[in-house]
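To start, the structure itself, in C-alpha coordinates.
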Amino acid sequence: MDEVKVVVAHSERATLRVGDVFLKVDADQARIDAEVEAMSRAPVPTPEILWRKPPVLAIAALPGSTLGRLGGPTTGSPTAWAAAGAAIRKLHDAPLPPRPGRAGRSIDALAAELDAECESLVTSGLLPADLVTRNHQVAQAALRPWTPSFTHGDLQIAHVFIHGDEVTGIIDWSEAGQGDALYDLATFTLGHEDHLDDVLVGYGTDIDLDVIHAWWSLRSLLAVRWLIDHGFDPFAPGCEVDVLRSRM
(Lines give C-alpha, C1' and ligand atoms only; values in the text may rest on other atoms or scores of the structure.)
Protein backbone atom coordinates (compact mmCIF):
# COMPACT_ATOMS: atom_id res chain seq x y z
CA MET A 1 0.00 0.00 0.00
CA ASP A 2 1.35 3.46 -0.90
CA GLU A 3 2.38 5.65 1.99
CA VAL A 4 0.38 8.85 2.53
CA LYS A 5 2.67 11.86 2.88
CA VAL A 6 1.49 15.29 4.00
CA VAL A 7 3.16 17.78 1.66
CA VAL A 8 1.64 20.90 3.19
CA ALA A 9 -1.28 21.44 5.54
CA HIS A 10 -2.80 24.48 7.23
CA SER A 11 -6.24 25.85 8.01
CA GLU A 12 -6.97 26.90 4.41
CA ARG A 13 -5.92 23.81 2.44
CA ALA A 14 -3.84 20.64 2.46
CA THR A 15 -1.90 18.63 -0.10
CA LEU A 16 -1.23 14.91 0.31
CA ARG A 17 0.91 12.57 -1.79
CA VAL A 18 -0.18 8.98 -2.29
CA GLY A 19 2.27 7.17 -4.55
CA ASP A 20 2.40 9.14 -7.79
CA VAL A 21 -0.79 11.09 -7.09
CA PHE A 22 -1.16 14.41 -5.29
CA LEU A 23 -4.49 15.10 -3.58
CA LYS A 24 -5.25 18.78 -3.03
CA VAL A 25 -8.00 19.41 -0.48
CA ASP A 26 -9.44 22.91 -0.51
CA ALA A 27 -12.77 24.01 0.91
CA ASP A 28 -12.74 27.04 -1.40
CA GLN A 29 -14.16 25.63 -4.63
CA ALA A 30 -13.52 28.90 -6.47
CA ARG A 31 -9.81 28.51 -5.77
CA ILE A 32 -9.77 24.98 -7.21
CA ASP A 33 -11.75 26.18 -10.25
CA ALA A 34 -9.23 28.98 -10.80
CA GLU A 35 -6.34 26.53 -10.56
CA VAL A 36 -7.83 24.14 -13.11
CA GLU A 37 -8.60 26.98 -15.52
CA ALA A 38 -5.09 28.44 -15.17
CA MET A 39 -3.44 25.09 -15.88
CA SER A 40 -5.57 24.67 -18.99
CA ARG A 41 -4.46 28.08 -20.28
CA ALA A 42 -0.79 28.10 -19.28
CA PRO A 43 1.66 27.55 -22.19
CA VAL A 44 4.13 25.73 -19.92
CA PRO A 45 4.16 22.14 -18.62
CA THR A 46 1.63 21.54 -15.82
CA PRO A 47 0.54 18.41 -13.94
CA GLU A 48 -2.02 16.09 -15.50
CA ILE A 49 -5.42 16.41 -13.80
CA LEU A 50 -6.57 12.88 -12.96
CA TRP A 51 -9.97 13.65 -11.44
CA ARG A 52 -11.96 16.19 -9.43
CA LYS A 53 -14.45 15.57 -6.67
CA PRO A 54 -14.95 18.68 -4.53
CA PRO A 55 -13.23 19.50 -2.28
CA VAL A 56 -10.47 17.26 -3.74
CA LEU A 57 -8.37 17.72 -6.89
CA ALA A 58 -6.16 14.78 -7.91
CA ILE A 59 -3.11 15.49 -10.08
CA ALA A 60 -0.27 13.32 -11.31
CA ALA A 61 3.25 13.71 -9.94
CA LEU A 62 5.76 15.44 -12.17
CA PRO A 63 9.10 13.96 -13.24
CA GLY A 64 12.27 15.50 -11.88
CA SER A 65 12.71 17.54 -8.73
CA THR A 66 12.42 21.14 -7.62
CA LEU A 67 15.31 23.57 -7.59
CA GLY A 68 15.03 23.80 -3.81
CA ARG A 69 13.00 25.67 -1.25
CA LEU A 70 13.14 28.91 0.69
CA GLY A 71 15.58 28.53 3.57
CA GLY A 72 17.18 25.41 2.12
CA PRO A 73 19.94 24.56 -0.34
CA THR A 74 19.33 24.89 -4.06
CA THR A 75 20.18 22.49 -6.85
CA GLY A 76 20.47 22.77 -10.59
CA SER A 77 22.99 24.19 -12.98
CA PRO A 78 22.93 27.80 -14.22
CA THR A 79 21.38 26.34 -17.39
CA ALA A 80 18.52 24.84 -15.36
CA TRP A 81 17.85 28.18 -13.65
CA ALA A 82 17.93 29.89 -17.05
CA ALA A 83 15.44 27.30 -18.36
CA ALA A 84 13.13 28.24 -15.51
CA GLY A 85 13.51 31.90 -16.47
CA ALA A 86 12.60 31.08 -20.07
CA ALA A 87 9.48 29.19 -18.94
CA ILE A 88 8.42 32.12 -16.77
CA ARG A 89 8.84 34.50 -19.72
CA LYS A 90 6.74 32.19 -21.91
CA LEU A 91 3.98 32.31 -19.31
CA HIS A 92 4.16 36.09 -19.01
CA ASP A 93 3.92 36.51 -22.78
CA ALA A 94 0.81 34.30 -23.07
CA PRO A 95 -2.71 35.68 -23.66
CA LEU A 96 -4.16 37.09 -20.47
CA PRO A 97 -6.52 35.00 -18.34
CA PRO A 98 -9.88 36.60 -17.59
CA ARG A 99 -9.34 37.51 -13.93
CA PRO A 100 -6.71 39.24 -11.79
CA GLY A 101 -4.57 36.95 -9.64
CA ARG A 102 -2.52 37.27 -6.48
CA ALA A 103 0.08 39.30 -8.37
CA GLY A 104 -2.62 41.64 -9.66
CA ARG A 105 -3.79 43.40 -6.54
CA SER A 106 -4.34 47.14 -6.99
CA ILE A 107 -1.59 49.53 -5.97
CA ASP A 108 -3.87 51.35 -3.51
CA ALA A 109 -5.07 48.13 -1.85
CA LEU A 110 -1.54 46.77 -1.63
CA ALA A 111 -0.19 50.01 -0.16
CA ALA A 112 -2.92 50.06 2.49
CA GLU A 113 -2.26 46.41 3.37
CA LEU A 114 1.47 47.05 3.60
CA ASP A 115 1.03 50.08 5.88
CA ALA A 116 -1.29 48.19 8.21
CA GLU A 117 0.94 45.11 8.31
CA CYS A 118 4.07 47.13 9.07
CA GLU A 119 2.27 48.85 11.95
CA SER A 120 1.18 45.47 13.33
CA LEU A 121 4.68 44.00 13.06
CA VAL A 122 6.11 46.87 15.10
CA THR A 123 3.35 47.26 17.71
CA SER A 124 3.29 43.52 18.35
CA GLY A 125 7.05 43.45 18.79
CA LEU A 126 7.52 40.74 16.18
CA LEU A 127 10.15 42.73 14.27
CA PRO A 128 12.36 45.71 15.18
CA ALA A 129 11.06 49.07 14.02
CA ASP A 130 14.20 49.93 12.06
CA LEU A 131 14.01 46.65 10.10
CA VAL A 132 10.36 47.26 9.23
CA THR A 133 10.91 50.92 8.37
CA ARG A 134 13.83 50.20 6.04
CA ASN A 135 11.99 47.44 4.19
CA HIS A 136 8.83 49.52 4.00
CA GLN A 137 10.94 52.14 2.21
CA VAL A 138 12.45 49.57 -0.16
CA ALA A 139 8.99 48.12 -0.88
CA GLN A 140 7.68 51.42 -2.26
CA ALA A 141 9.37 50.77 -5.63
CA ALA A 142 6.93 47.91 -6.26
CA LEU A 143 3.94 50.24 -5.93
CA ARG A 144 3.97 51.58 -9.48
CA PRO A 145 1.92 51.14 -12.66
CA TRP A 146 2.56 47.84 -14.48
CA THR A 147 1.38 46.16 -17.65
CA PRO A 148 -0.70 43.04 -16.87
CA SER A 149 0.83 39.65 -17.66
CA PHE A 150 -0.30 36.05 -17.22
CA THR A 151 1.16 35.44 -13.75
CA HIS A 152 1.38 32.34 -11.56
CA GLY A 153 1.00 34.34 -8.36
CA ASP A 154 2.83 31.91 -6.04
CA LEU A 155 5.91 30.99 -8.05
CA GLN A 156 8.12 29.64 -5.28
CA ILE A 157 11.08 27.53 -6.44
CA ALA A 158 9.38 24.57 -4.75
CA HIS A 159 6.64 24.84 -7.39
CA VAL A 160 8.94 24.46 -10.43
CA PHE A 161 10.18 20.98 -11.39
CA ILE A 162 13.36 20.38 -13.37
CA HIS A 163 14.79 17.23 -14.94
CA GLY A 164 18.34 17.74 -16.13
CA ASP A 165 18.23 21.24 -17.53
CA GLU A 166 14.59 21.22 -18.65
CA VAL A 167 11.44 22.39 -16.91
CA THR A 168 9.08 19.41 -16.55
CA GLY A 169 6.22 21.22 -14.88
CA ILE A 170 4.93 24.00 -12.65
CA ILE A 171 2.43 23.26 -9.86
CA ASP A 172 0.03 25.15 -7.56
CA TRP A 173 -1.86 27.57 -9.82
CA SER A 174 -4.61 28.67 -7.42
CA GLU A 175 -3.28 32.25 -7.26
CA ALA A 176 -2.81 32.63 -11.03
CA GLY A 177 -4.29 35.43 -13.11
CA GLN A 178 -3.47 38.84 -14.49
CA GLY A 179 -0.70 40.52 -12.55
CA ASP A 180 2.71 42.13 -12.31
CA ALA A 181 5.34 39.93 -14.02
CA LEU A 182 8.06 41.13 -11.66
CA TYR A 183 6.10 39.75 -8.71
CA ASP A 184 6.57 36.25 -10.16
CA LEU A 185 10.29 36.78 -10.78
CA ALA A 186 10.77 38.12 -7.26
CA THR A 187 8.85 35.25 -5.70
CA PHE A 188 10.89 32.70 -7.64
CA THR A 189 14.22 34.20 -6.54
CA LEU A 190 13.20 35.13 -2.97
CA GLY A 191 16.02 34.11 -0.64
CA HIS A 192 18.15 32.95 -3.56
CA GLU A 193 19.50 36.23 -4.89
CA ASP A 194 22.63 34.49 -6.19
CA HIS A 195 20.55 32.79 -8.90
CA LEU A 196 18.75 35.92 -10.13
CA ASP A 197 21.24 36.58 -12.94
CA ASP A 198 20.84 33.02 -14.26
CA VAL A 199 17.05 33.35 -14.23
CA LEU A 200 17.23 36.66 -16.09
CA VAL A 201 19.49 35.14 -18.76
CA GLY A 202 16.65 32.76 -19.58
CA TYR A 203 13.97 35.42 -19.15
CA GLY A 204 15.67 37.39 -21.86
CA THR A 205 14.78 41.01 -21.20
CA ASP A 206 15.97 43.83 -19.00
CA ILE A 207 14.08 44.23 -15.75
CA ASP A 208 14.20 46.84 -13.00
CA LEU A 209 16.22 45.29 -10.16
CA ASP A 210 14.94 47.89 -7.70
CA VAL A 211 11.43 46.55 -8.27
CA ILE A 212 12.59 42.95 -7.71
CA HIS A 213 14.22 44.05 -4.43
CA ALA A 214 11.04 45.90 -3.53
CA TRP A 215 8.90 42.82 -4.06
CA TRP A 216 11.28 40.76 -1.91
CA SER A 217 10.73 43.23 0.93
CA LEU A 218 7.01 43.67 0.36
CA ARG A 219 6.24 39.97 0.05
CA SER A 220 8.28 39.16 3.16
CA LEU A 221 6.69 41.91 5.26
CA LEU A 222 3.20 40.69 4.35
CA ALA A 223 4.08 37.05 5.00
CA VAL A 224 5.62 37.07 8.48
CA ARG A 225 2.46 37.09 10.63
CA TRP A 226 0.55 34.80 8.25
CA LEU A 227 3.34 32.22 8.36
CA ILE A 228 3.49 32.28 12.15
CA ASP A 229 -0.30 31.97 12.43
CA HIS A 230 -0.26 28.93 10.12
CA GLY A 231 2.54 27.02 11.81
CA PHE A 232 5.52 28.09 9.67
CA ASP A 233 8.73 29.80 10.79
CA PRO A 234 9.72 32.97 8.90
CA PHE A 235 12.67 33.34 11.31
CA ALA A 236 14.34 30.13 10.07
CA PRO A 237 17.73 30.68 8.39
CA GLY A 238 17.36 31.97 4.84
CA CYS A 239 13.64 32.65 5.17
CA GLU A 240 11.57 35.84 5.16
CA VAL A 241 13.14 37.61 8.13
CA ASP A 242 16.63 36.99 6.76
CA VAL A 243 15.44 38.38 3.42
CA LEU A 244 14.34 41.54 5.25
CA ARG A 245 17.68 41.77 7.09
CA SER A 246 19.55 41.54 3.79
CA ARG A 247 18.11 44.89 2.75
CA MET A 248 19.58 46.74 5.75
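The values are calculated or read from the model by the stated rules, or taken from the named source; none is laboratory data. On a predicted model such as this, the values are computed, not experimentally measured, just so you know. Backbone-built Cβ (ideal geometry, glycine too); neighbour counts: all protein chains shown. Protein only, heavy atoms only, side chains kept; ligands, DNA and RNA dropped before computing areas. Shrake-Rupley method; radii C 1.70, N 1.55, O 1.52, S 1.80 Å.
May I ask you to say which residue of ASP184, ASP233, ASP180, ASP210 is under 25 Å from ALA116 (Cα atoms) and more than 18 Å from the chain's Cα centre (by Cα)? Full working, then the answer.
Numbers: ASP184 fails: more than 18 Å from the chain's Cα centre (by Cα); ASP233 fails: more than 18 Å from the chain's Cα centre (by Cα); ASP180 fails: more than 18 Å from the chain's Cα centre (by Cα).
Going through ASP184, ASP233, ASP180, ASP210 in turn, just one is under 25 Å from ALA116 (Cα atoms) and more than 18 Å from the chain's Cα centre (by Cα): ASP210.
When you check ARG69 against the structure, is it open to solvent by 40 Å² or more (accessible area, probe 1.4 Å), over 15 Å from THR187 (Cα atoms), charged (D, E, K, R) and at pLDDT below 95, yes or no? Walk me through how you get there before you give the answer.
Details: open to solvent by 40 Å² or more (accessible area, probe 1.4 Å): yes; over 15 Å from THR187 (Cα atoms): no; charged (D, E, K, R): yes; at pLDDT below 95: yes.
So ARG69 fails the test.
Among all residue pairs at least 6 apart or on different chains, which show Cβ distances below 6 Å where the first residue, located in segment 1-22, is within 20 Å of GLY169 (Cβ to Cβ) and among the basic types (Lys, Arg) and the second is open to solvent by less than 50 Å² (accessible area, probe 1.4 Å) and in a strand (DSSP E or B)?
Qualifying pairs under 6 Å: ARG13/ASP26.
Whether any residue in segment 6-15 is among the basic types (Lys, Arg), farther than 20 Å from GLY153 by Cα and in a strand (DSSP E or B) is what I want to check.
no
Which one of these is open to solvent by 40 Å² or more (accessible area, probe 1.4 Å), in contact with a Ser or Thr (Cβ under 9 Å, 6 or more places away or on another chain) and hydrophobic (A, V, I, L, M, F, W, C): VAL122, VAL18?
VAL122
Regarding segment 145-168, can at least one residue be identified that is under 18 Å from the mean Cα position of the chain (by Cα), surrounded by fewer than 22 Cβ atoms within 10 Å (Cβ to Cβ) and part of a helix (DSSP H, G or I)?
yes
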